[in-house]
Amino acid sequence: MSEHRTGAKDGAAERRRDPGRSAPERIRTACAQFAELTGLEPESVSAMTRTEDGWELRIEVVELERVPETMSLLASYAVTVGDEGDVLAYERRRRYTRGRADPGDSR
């Protein structure tokens, strides 16, 4: 009787070929895990990009609530997510006050 084992590389390649969960499911899972890890509740997901290892999300959160609301401090986090939606890494990329456009953004 022979035993067959799938190596980590084979499993990773198989996951990339398998479409797996839908984008909204991945986002919901990642947001829930991000909130659990950081204690910050995601306000929105402003970007989702496919990477070699899974996905990268840009999650916006309120870091410091103030009155009036336009003075609240928000942050944008880059969150690396596996194919099933599990958070692999996160990093704060930017902090800003609500309602402030990026320099050069004419919208």
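A compact table of results
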{"quantity": "Kirkwood-type radius of the stretch 13-97, with distances r between different C-alpha atoms, in Å", "calculated": "13.3"}
{"quantity": "Cβ-placed point charges (K, R +1; D, E -1), dipole of the stretch 23-107 about Cα centre in debye, nearest 20", "calculated": "460"}
{"quantity": "Neighbourhood net charge (10 Å Cβ-Cβ; Lys/Arg +1, Asp/Glu -1) for Val81", "calculated": "-4"}
{"quantity": "Leu64/Ala89 FRET efficiency (R0 25 Å; Cβ-Cβ; nearest 0.05)", "calculated": "0.60"}
{"quantity": "Environment charge of Gln33, counting only residues whose C-beta is closer than 13 Å and scoring Lys/Arg +1, Asp/Glu -1", "calculated": "-3"}
{"quantity": "Environment charge at Pro68 (Cβ cut-off 14 Å; Lys +1, Arg +1, Asp -1, Glu -1)", "calculated": "+1"}
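Just so you know, all these numbers are worked out from the coordinates, no wet-lab data involved. Since we're looking at a predicted model, the values are computed, not measured. Cβ coordinates were reconstructed from backbone atoms using ideal geometry, including for glycine residues, and neighbour counts include every protein chain displayed.
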